[in-house]
Amino acid sequence: MFGKLGQMASLFSNLPKMQEEMKKFQANLGQITAEGDAGAGAVKVMVNGKMEIVACRLAQSPLTDRDREMLEELIKAATNQAMQKVREQIAAGYAKLFGDLGLPANLGGMGLPGLM
């Protein structure tokens, strides 16, 4: 029982440092990037840690009306893949940050961006 009180006291004593480190981490979310691809590389989408699409590249190929629907699906698939990868990178960054602060690395569910 008293062990938990010690952990809480430690948490509160580290609060200013935690807040500072969280601000730094969140300020750098734009630097985290991940790329998703679909259709064997026909579509590539890059997303940053702010969940913004920063690039969308299509392989050189003639586009017909029939291909348009398939291309739309490939863009969705590549975007979703890139966003999942960047969420994983953010979650790993938070886990490292929490671990460095002596907190449990699995603090998911706290409403922090990128945590699953």
Confirm whether GLU69 is among the charged types (D, E, K, R) and at pLDDT 85 or above.
-> no
Boolean, GLN81 is surrounded by 13 or more Cβ atoms within 10 Å (Cβ to Cβ), assigned to a helix (DSSP H, G or I) and either modelled with pLDDT under 85 or touching a strand residue (DSSP E or B) at 6+ places or on another chain (Cβ under 7 Å) (or both) | yes
Kindly indicate which of LEU97, LEU112, LEU103 is at pLDDT below 85 and closer than 19 Å to LEU29 by Cβ.
-> LEU112
Among the numbered conditions (1) part of a helix (DSSP H, G or I); (2) modelled with pLDDT of 90 or more, tell me where MET8 comes up short.
-> (2)
Region 50-78 - residue that is surrounded by 14 or more Cβ atoms within 10 Å (Cβ to Cβ) and β-branched (Val, Ile, Thr) and, of those, nearest to ASP37 (Cα to Cα) | ILE75
Within region 17-43, track down each residue that is modelled with pLDDT under 90, surrounded by 16 or more Cβ atoms within 10 Å (Cβ to Cβ) and part of a loop (DSSP other than H, G, I, E, B).
-> GLY39, ALA42
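The values are calculated or read from the model by the stated rules, or taken from the named source; none is laboratory data. Source: prediction; values computed, not measured. Cβ atoms come from the backbone with ideal geometry, glycine included; neighbour counts cover every protein chain shown.
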